[in-house]
Every structure is written in structure tokens, then in C-alpha cells.
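A short worksheet on the structure shown next.
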Amino acid sequence: MNDIWWQRLKEDVIDPGLETGDGTCVGVSEGTLAYKELPDGELQVVRTDDPQPVPQAAYDGCPGRSCNYPDLSQHVFGTLPKNMLSGVVRQAYIGHATNEAIRRAGASGGVITQILIHLLETKKITGAICLRMGVDVPWKARPVIARTKEEILACAQSIYSLTPVNTILSEIKEGDGPLAYVGLPDQVAGIRKLQMLNHPSVKNIKYILGPYTGTQMTFEAIRSFLRSSGVRSEEEIARLQYRAGEWPGHLQIDLKSGRTLKAEKFHYNYLIPFFITKGCRQLCDFTNELTDISVGDAWNPLLEKKGQGHSVILARSNAGQELLSEMQKKNILTLNSIKTNEALNMHGHMLDFKKRGSFIRNRWKSVQPDYGYRPVSIPTSRVVVEWILRLLFGFGHTRIARWSVEHLPLSVIGPIFNMMRKSWKAMSKPTKRKGLKEMKFVETRIS
Ligand SMILES: Cc1cc2nc3c(=O)[nH]c(=O)nc-3n(C[C@H](O)[C@H](O)[C@H](O)COP(=O)(O)OP(=O)(O)OC[C@H]3O[C@@H](n4cnc5c(N)ncnc54)[C@H](O)[C@@H]3O)c2cc1C
């Protein structure tokens, strides 16, 4: 059998470790591909025993190795970004869902959930593709097409474990839609690549929304957290929420035994160096640049003090901008316009992690992904910072480090990690922020 697209996918993307777990290739593979969880928690694409050859779209739609952001930007918005840190932005806002229950149900300001509900109620869509916890088992999320307000609300919140949303492409039927779609930057890039190819699976996706995405962890992080609390298996979980309670929220695991495990968001982050995925270290898109509307946490000392939930929102396309204006007029969303730079200032650390860090990290790979652009230059001092992170993550991923961290109580490791995180941020801030806004990028097109 001539299975050329499987061979190419394997050689060009999977074997060099460039597949990011977005789910695109599996979703359009017509049953010829699947994910397998590796012992370290990463997901790997494998060939199923379906005798049909892997379709070409599985290779062409995959954003792992080749994902030309300038071309995709032209295709989606008809223009290139003025600012490569943010991607195309028509208007930036700080805001939240006006409805208090929806605001509190969301990860930050409930904005994505509220937009999906509004789209459904005004009949602009018939369903929304989003992630829902607990459909098959209580500890895992899976992509669904939410068809009612209640189903959309059940998908609110952030899921920090690697979950390939685009596997759902195989379930979208001819007559489904129009649909909204929510995904992380690599997942959105996969959808946009397929739209550029006129692939039938994405024909009915009309609105694309997405969270900002800094870091993501493998499910091993949750297993480790459980083990450190004396719980032997995820089978004991009755409910898992990554951002329960008052913004910014905490990890909450309710066990079948009636016991509840909790960790503040910034304490739970101690697991990042041990379980961060390779995909989120590779990707150079933090603000979800190819969406119609992207949403992040509005990190700002005043808002953090207020609590309740505040989002930073970027309207990118005309459709996205019109939708937000309509919702603002109807007082469904509470929005205050801000300058794009003000929005970017809230996330200097993560922008640097993606816009400089990813390009340094990708240079260290034997086969590099092509995002269609790169920074013109990166100061040596910044490369040194990345080397320190490389050593930290390298050590964190060893069995001995993972074993050790499990044997320290959260009450000790959480605050220590938070203190170290703050000191590291303060120490590396001058290097990381220096020249970030003035960074120049160049297209890497080979014509
Ligand atoms: C892995 C991850 C990392 C993030 N990192 C950052 C960060 O570094 N800085 C920052 O400011 N914000 C980050 N965010 C975004 C932030 O957590 C909120 O999702 C965002 O502010 C939107 O809040 P909201 O209240 O409007 O969303 P909600 O109203 O809660 O809606 C969230 C929507 O996103 C979908 N969703 C949740 N998790 C996933 C997922 N893993 N894959 C695909 N869809 C998903 C849900 O199904 C839901 O529809 C991250 C989110 C994720 C999932």
C-alpha cells in the first residue's frame, strides 16, 4: 500500500518531535491515526490498523512543522500584523461578562462562555466546539459540540492538561453549523490551515475564539499531585476543576471518598518545570493570533486586588470586532477599550517566553518548525536565560526530580516555588523585557 502521507508525517513531523498534540492530523485522518499516551505523559500520533492510506490533509493541515503565520494572517485578516508580538489587533479591551453567574463560571471574566451563549441565542450559530470535563471519565476533558446554553456553561473554565481538541473534526457532519470553535493557538492554526485548503471538515466553522496560552502540562502533573497527596490513581477522582472559586482560582480535586484536594493557582504552578509539554515550549504564539477574538487573564495589580474575574480581550477580525461592539451595546459584556500596548504590558514575561524563548529553543532542535518569520536578533544575555531554563526543565523532567517533588508536602513546595518564581521573574525581568517591544522580525519565506 502506498501510504506516502503517513511516511511524510512520520519523518517530517512525528519523529523529529514537532507534533504539538493539537489533534488536527488525527481529526482528518478518517480513522487511520490515533493518539497514544507515552510513559512521560506526552501524546504521540500512531498509525491505526485501518488499511486505508492516511489522507493528504492529515499532513497538509498539521501545524507542527510548517505553519506560516504571515500567510495565514493574510488569508484570515487580509493583512499582516503591525505588531508581531500581538498579531493583528483591531481593538483591545479589559472586561468581563456582565452576568455575574457567567463571569464567575469562567476562568477569568467568563468572556468566551458569554460570547458563545450570545452567538447561540442570536442564532448566529447552532453549536460551539469546546472542551468539556467529565464526559467519559471525571478527570479528563474531551471536545464536544455544545448545542445549548447549559452545555456551553458546562465547558467554561481552563483545562491545563494536554487535550487535542481537533480530533473532533472527524465528528463534524455535513449539515452541522454554522459553528463557533474554541481552541489553543496550535489548534486554531490547524483549523486555519484547513480553511486555507478548503477542507470540508472546517467549512461550517464561522467564529474562532481562543484563550491566550502560556504553558500547558501533561496529565502526569495531576497524577503526581495526587500521589503527593497519598492518592494512588486518577480513578479516585469524582470531579476535577483547574480554576475553581474566586479568580484567579485554584486547582480543586473532589475525590470519590469525599475528600477534597486544593492548591492555589500559583502554588499548583510548581509542577510546570516537571510536566510542561514540549508543544508549548515550541509554539511562538501566546495571544492566539489567528482567532477572531482572543482572551486572557487581565493581570494587573488593581484588578487582581478586586478579584471577581477580569479578562483582556483582543478583537482581531471585523466579525470579532462587530460581535464585541454588539455585545457591549446590549450590555452583555462590560468592556473598556485599552491600547494594544497596555494589553501587551500585562504579559511581558509570557510574550518573551514565546517570541524570543521559542525561537531560541527551536534553534536547538535538529529539525526546526517553520513559522514563516523569526526575530532579526536575540541578545546573548537572553540566550543565557534560556539556557538556565533548559537546564531547569531538563532536570525537572528526570525521574529522580519528579520522584523528589512528589515527596515534598504542597504546603512547603507550593510557597517555595511561588517565592522562587517571583524572584526568578524579578531577576530575569530586565533581560527578558529589555528590547522586547522594539524587537524586529523578518519573514523566512524562501521564494
Ligand atoms: C492551557 C492554557 C494556558 C493558558 N495560559 C494563559 C496565560 O499564560 N496567561 C493568560 O493570561 N491566560 C492564559 N490562559 C487563558 C485563561 O486561562 C482563560 O482561558 C482566558 O482568560 C479566558 O477566560 P474566560 O473566562 O473568558 O473563558 P471561559 O469563559 O472560562 O471559557 C474558556 C473556554 O476555553 C475552552 N478551553 C479551556 N481549556 C481549553 C483547552 N485546554 N483547549 C481548548 N479549549 C479550552 C473552554 O472549553 C471554554 O469554552 C490559558 C488557558 C489555557 C487553557
Packing-based ranking, highest mean first, of 218-225, 254-261 given that Cβ atoms within 10 Å are counted: 218-225, 254-261
Size descriptor, Kirkwood hydrodynamic radius, that averages inverse alpha-carbon separations across the stretch 299-354, Å: 12.9 Å
Trypsin sites (Lys or Arg not before Pro) within the stretch 407-446: DSSP coil, no more than 14 neighbouring Cβ in 10 Å: Lys434, Lys437, Lys440, Arg445
Debye log10 I(q)/I(0) for the stretch 268-380, one point scatterer per Cα, at q = 0.11, 0.13, 0.16 Å⁻¹: -0.49, -0.67, -0.94
Estimated distance in nm for a label pair at Thr215 and Trp387, the labels positioned 7 Å out from Cα along Cα-to-Cβ: 2.2 nm
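Provide the FRET efficiency to the nearest 0.05 for the Asn341-Ser66 pair, computing r from the beta carbons and using R0 = 45 Å. Numbers along the way, then the final one.
On the way: r = 31 Å, r/R0 = 0.68.
With R0 = 45 Å, the Cβ-Cβ based efficiency is 0.90.
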Kirkwood hydrodynamic radius of the stretch 159-232, Cα pairs, Å: 14.2 Å
Of all DSSP beta bridges in the stretch 108-222, antiparallel share, percent nearest 5: 45 percent
Spread of Cα-to-Cα distances over 10 Å intervals beginning at zero, given as percent, for the chain: 4, 21, 33, 29, 12, 1, 0
DSSP beta bridges in the chain [antiparallel fraction, %, rounded to 5]: 75 percent
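If you rank Glu174, Glu386, Glu100 by fewest surrounding Cβ atoms within 10 Å, what's the result? Before the final figure, lay out each step's value.
On the way: Glu174 8, Glu386 22, Glu100 12.
With the sparsest Cβ surroundings first, the list reads Glu174, Glu100, Glu386.
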Kirkwood-type radius of the stretch 4-60, with distances r between different C-alpha atoms, in Å: 11.3 Å
Geometric extent, Cα atoms of the stretch 132-268 - Rg, Dmax (angstrom): 16.6, 50
At R0 = 30 Å, FRET efficiency that the Cβ-Cβ distance of Lys203 and Ser423 yields, to 0.05: 0.05
Global form of the stretch 354-447, assessed from the alpha-carbon gyration tensor, a/c cut-off 1.5: oblate
Listed peptides 187-196, 231-240 by packing density, highest first (mean Cβ within 10 Å): 187-196, 231-240
Gain on full stretching of the segment that runs from Glu246 to Asp136 - 0.36 nm per residue minus C-alpha separation: 36.9 nm
³J(HN,Hα) computed for each position of the stretch 406-420 - Karplus, 6.51 cos²θ - 1.76 cosθ + 1.60, integer Hz, glycine/proline x: 5, 9, 9, x, 4, 4, 9, 5, x, x, 5, 4, 4, 5, 5
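For His310, His75, His397, His407, what ranking results if the residue with the fewest other Cβ atoms within 10 Å of its Cβ goes first? Walk me through the numbers on the way to the answer.
Values: His310 23, His75 14, His397 17, His407 9.
By the 10 Å Cβ count, ascending: His407, His75, His397, His310.
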Those lysines that a straight Cα-Cα span of less than 17 Å connects to Lys36, excepting residues fewer than 8 apart in one chain: Lys10, Lys140, Lys278
Pairwise label distance in nanometres, Glu326 with Val376, each label 7 Å out on the Cα-Cβ vector: 4.2 nm
Extension gain from Val442 to Gln308, taking 0.36 nm per residue of separation minus the Cα-Cα distance: 44.2 nm
FRET efficiency, 1/(1 + (r/R0)^6) with R0 22 Å, evaluated for Asp50 and Ser366 via beta carbons: 0.10
Packing-based order for 141-151, 321-331, using average beta carbon neighbours within 10 Å, highest first: 141-151, 321-331
Residues Leu290, Leu169, Leu85, Leu436 arranged by fewest to most Cβ contacts within 10 Å: Leu436, Leu85, Leu169, Leu290
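Every read-out reported here was derived from the displayed coordinates using simple, explicitly stated rules and does not represent laboratory data. Keep in mind the model is a prediction, meaning the values are calculated, not measured. A quick note on method: Cβ atoms are made from the backbone with ideal geometry, for glycine too, and the neighbour counts reach across all protein chains shown.
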